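**Student:** Before anything else, here's the structure in question.
Here, each number is a calculation from the coordinates, and none is a lab measurement. Quantities reported herein were computed from a predicted structural model and do not represent experimental measurements. Using ideal geometry, Cβ is built from the backbone for each residue, glycine included, and neighbour counts are taken over all protein chains shown.
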Amino acid sequence: MAVVGGIIGGGIFRTPAAVAERVGSSTLILAVWVAGGVVAVIGALCFGELGHRRPRAGGGYVYLREAWGPLPAFLYGWALLLVIASGAIAAIAVTFADYMLALTGLSARFTLPLAVAAILFVSAVNYLGVRPGAVLQNIFTLLKLLALALLVVAGLAAGLPADASAPPGAPSAIGAALVPVLFTYGGWQQTNFIAEEMVEPERNLPRALLLGVGIVVLVYLLANLAYLRVLGPAGLAASTAPAADAMRVVMGPVGGKLIAAGIAVSTFGFLNLVVLVTPRVFQAMAADGVFFPRLARLHPVHRTPTAAIVLQAVWATALALSGSFSQLVDYVAFADWVFFGLTVAALFVYRARDRETPGGATGFRTPGYPWTPALFVAASIFVVASSVAANPRNAVVGTGLLLLGVPVYLYWRRRTAGWAAVRASRSSRGPPGQGP
């Protein structure tokens, strides 16, 4: 449920229109979604092995630290806190509020209060323990799958003639269409953040990743088939809200209301997942001595990183109230795939170390190694290059935001080293009241 909930947000309700606009024909549209699904499955396989090797809180942060060093790992956590996760929380909460207000007919002036209330409510639930957060996640993941099942069944059973194909795109358009598809498939890696709190993570995490990603690939392909069945390639390409348009064609105004409720549910479930898993990265950073020490402590009763959850909630709320979250997320969207690629590339480092260690490591292994992780790294490079080419200014600003983390990292390293020196000095003097 965490894997499925971490992937399915609002993208599948919007992205298919952009894909159809770029490639045109039904065959190419489905082929692009299949290709994206293959990359997602490969990513799940790679993260399954990484999670099996290191079932630790923090997931990608731990793998980056062990493979590439503490600074790249810190910059990943810094990016999550500064924009990627906190900005996503703010954006998702506002999207949820927009749909809820549209459903209830309330004024748009309640958008920010409702968005902030959603952030605080979900944070409070996850403050109380992993189990309450997991129960909430399971409920909303089932609800969002139910909403998508309604869309698929209604679309495929409609029996409506599909429109003529839109003009086919150039071969380069296929690559351009793959970028939003890969972003829409992203999110399975978040489950690795909470590996330490799973039951038997060495066995269950790889299984959850493969099963969860497989479910999402199937659901996404069926959703696109429904869009094409009802709207046709040209209609899908022209739509700004394909899910709502398809449901209105099949079921009238009631269909539009139902899918709006489904999108509200989907965004709320995604919000809960991000709030549940991301604080574990800040906990791992603090345990390494490169962030506020308080964030490393677990609540004595709930056993959750409560200070990290509170910090994330406060910063996400500030971003939501400022209205700057959307632009900030645009700035660093490419960075998410930089760290994706680096994390999967850590497999090459781990495997090389296995050869140097008698007996090596055992257990789950990525099939098709080294070609499968190499393909995923190549896909990551493609997404990053495409994002930078599409908006170089955003890439420059985003790189600057990431580099702001370097002095923060150096500050905490020096401070931690100073504390260690003081403790060592006190230890060498012996207990109070004794001479040397």
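**Student:** Which of rounded, prolate or oblate describes the stretch 310-423 when judged by the alpha-carbon gyration tensor and an a/c cut-off of 1.5?
**Tutor:** Oblate, since a/c reaches 1.5 and b/c is not below a/b.
**Student:** If you don't mind, another one. Rank GLY133, TRP337, VAL41 by how far each Cα sits towards the positive end of the charge dipole of the chain (+1 on Lys, Arg Cβ; -1 on Asp, Glu Cβ) and give me just the farthest.
**Tutor:** GLY133
**Student:** When the scattering of the stretch 2-404 is computed by the Debye formula from its Cα atoms alone, each counted once and equally, what is log10 I(q)/I(0) at q = 0.11, 0.12, 0.14 Å⁻¹?
**Tutor:** The calculated log intensity ratios at q = 0.11, 0.12, 0.14 Å⁻¹ are -0.79, -0.95, -1.31.
**Student:** How do 378-386, 258-266, 237-245, 82-90 rank on mean C-beta neighbours within 10 Å, highest first?
**Tutor:** Descending packing order for the listed peptides: 82-90, 258-266, 237-245, 378-386.
**Student:** With springs connecting C-alpha atoms under 10 Å apart, model the chain as a Gaussian network and identify which of PRO233, PRO55, PRO253 has the largest mean-square fluctuation.
**Tutor:** PRO253
**Student:** A follow-up question, please. Suppose only helical runs count, i.e. DSSP H with n ≥ 4. What mean residue ellipticity at 222 nm does that imply for the chain under -39500 (n - 2.57) per run, divided by all residues and rounded to the nearest 500 deg cm²/dmol?
**Tutor:** That comes out to -25500 deg cm²/dmol.
**Student:** Further, regarding this structure: If packing is taken as the average count of other Cβ atoms within 10 Å, what order do 3-16, 310-323 fall into, highest mean first?
**Tutor:** Highest mean packing first, the order is 3-16, 310-323.
**Student:** Within the chain, which complete DSSP H helices have Cα atoms spanning at least 27 Å along the helix axis and a mean Kyte-Doolittle hydropathy of -1.0 or higher?
**Tutor:** 26-53, 85-104, 130-157, 201-238, 253-277, 325-356, 371-390, 405-429
**Student:** With a 10 Å radius around each residue's Cβ, average the other Cβ atoms per peptide and rank 184-192, 391-399, 276-284, highest first.
**Tutor:** Result, highest mean first: 276-284, 184-192, 391-399.
**Student:** State to the nearest 20 debye the size of the charge dipole of the stretch 2-404 about its Cα centre, where the only charges are +1 on K and R beta carbons and -1 on D and E beta carbons.
**Tutor:** It works out to roughly 400 debye.
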